[in-house]
Amino acid sequence: MTYYSFSVKKFLKNPKNKICLAILVLLLFGLFMANKTAFKQKFYQSTLDATTINIQQTEQMGLNVKNELKLNPDDEILKASIKELENEKKLFQSQLEALKVNDLEKYANLGNQVNLLQIKRIPSDTSEEYLAVSSSIKYYRTVKAVNGKMGVSMNDTSESAFTIAYAIVSWLSSTVIFVLLTVLIADNLSSEIETSQIRFYQIIGGRNFKQLIVNLLSPIFVVTLITVISFTVLYLIGGVQDSFGTWRYPYYTPAGDIVPIYQLVIKTLILFIVSLLFIASLGQILSLIFKKSLVVIGIIVLFLTGFLTFEKEVWFQPLKMFFPFEYLGYGRLLNDAEFLPSNAFGIGLIYLLSLSFIFIMCSSYLYKNYYYRKVGKNDRT
């Protein structure tokens with residue numbers, strides 16, 4: 001325990017680590033503020049424009065039906081359609097007024113009424129339009145079932161529980177975040193080799209497996225703790241500004257499933273910690289091979305950015321599942337669900353943990369047999 005405390009303190013005292021941790025915290029808070037201001041305003045304006053367009057389209061549809069009714073004045077179906085379109089137009093106009101006074105709850109309620117009208121006019125219950133409207137109605141009812149505060153669309157609300165949870169899922173899957181984390185945790189051992197601190201380990205009992213594990217887990221513990229504290233503070237800030245909300249708030253996945261947001265948060269944090277273990281263990285074995293921090297960080301960042309470049313290519317989509325970098329972040333698994341097996345989360349955990357175990361075992365062998373080169377001769381330390 002003493003050596004673990006020493007390792008954590010040593011990690012925190014490193015100037016490079018202090019800067020990277022500060023950047024990580026500032027990045028999380030910066031993204032939070034951007035979502036609260038610029039992104040939110042842009043989304044609000046696009047919703048306002050879309051509602052205005054809906055009114056115009058409904059008016060045009062009403063004119064078209066009225067023209068048809070002139071040719072067939074006894075058509076009861078056309079008469080009923082006109083009434084439905086007029087009701088729909090009134091609902092859109094009410095939505096526009098609700099937006100102008102920022103009454104998002106009323107906007108959502110009116111939107112559900114629009115969906116209930118529109119779904120009656122869709123002829124096929126297997127069409128994409130029918131499925132989309134049906135999903136919106138189902139999502140709205142699920143939100144109301146947990147006493148949630150609905151926003152202007154699915155996966156949108158001002159409740160702090162959902163907004164922070166959604167941020168956790170999204171941000172902890174970002175390649176930019178993992179590049180920063182690589183700089184933080186991947187060179188912990190190589191920096192000790194470069195500064196020759198590794199030669200003093202013989203004084204405290206030699207280089208053994210326990211020291212290797214402590215060296216591996218110390219940065220992971222610090223990064224995880226700082227990340228959790230940052231999101232907790234953001235949750236409290238968001239709760240004071242708006243409302244804390246419920247962690248059972250539903251999330252509509254790209255695959256069309258509706259699940260409580262807390263389930264996604266738990267899976268995201270588990271996969272985040274395992275991803276840190278993977279990056280740290282990969283960094284350790286590369287450190288013992290190349291012994292240079294910049295080389296270690298450069299190789300891992302090259303892997304990450306290279307994968308990011310190729311993953312956008314159509315031909316690469318079916319191959320994603322075979323690369324460990326695909327499983328660095330639960331949000332990535334949700335977005336790529338169509339290219340991954342249904343149990344991708346479990347596969348990702350096993351894949352990353354297996355690779356981490358292999359890296360640790362190889363590092364253990366190299367660590368115990370590491371030689372510190374002195375001038376004129378090689379001495380084992």
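The values are calculated or read from the model by the stated rules, or taken from the named source; none is laboratory data. Given the structure is predicted, the values throughout are model-derived calculations rather than measurements. With ideal geometry, Cβ positions are generated from the backbone for all residues, glycine too; neighbour counts draw on all protein chains shown.
Some points to look at:
- Hits in region 280-325 (condition: within 11 Å of Asp187 (Cα to Cα) and among the small types (Gly, Ala, Ser)): Ala280, Ser281, Gly283, Ser287, Ser293, Gly298
- Residue among Leu282, Leu269, Leu277 that alone is closer than 30 Å to Gly245 by Cβ, assigned by TED's automatic domain parsing to the domain that holds Ser191 and at pLDDT 90 or above: Leu269
- Considering only residues in region 48-95 that are of a type in the set (D, E, K, R) and not in a helix (DSSP H, G or I), the one that is farthest from Ala108 (Cα to Cα) turns out to be Asp74.
- The residues on offer are Asn109, Asn102, and the sole one that is assigned to a loop (DSSP other than H, G, I, E, B) and within 26 Å of Ala145 (Cα to Cα) is Asn102.
- The set of residues from region 23-69 being under 27 Å from Leu172 (Cα atoms) and either touching a Pro at 6+ places or on another chain (Cβ under 6 Å) or among the small types (Gly, Ala, Ser) (or both) comprises Gly30, Ala34, Ala38, Ser46.
- The one condition in (1) surrounded by 14 or more Cβ atoms within 10 Å (Cβ to Cβ); (2) at pLDDT below 85; (3) under 30 Å from Ser158 (Cβ atoms) that Ser81 fails to fulfil: (3)
- Glu311 being modelled with pLDDT under 95, under 20 Å from the mean Cα position of the chain (by Cα), among the charged types (D, E, K, R) and under 18 Å from Phe272 (Cβ atoms): no
- Search result, residues across region 123-169 that are free of Cβ contacts under 8 Å to residues at least 24 places away in the same chain and among the polar types (S, T, N, Q): Ser124, Thr126, Ser127, Ser134
- If you go through region 336-358 and keep only what is more than 24 Å from Leu216 (Cα to Cα) and surrounded by 12 or more Cβ atoms within 10 Å (Cβ to Cβ), you end up with Asp336, Ala337, Phe339, Leu340, Ala344.
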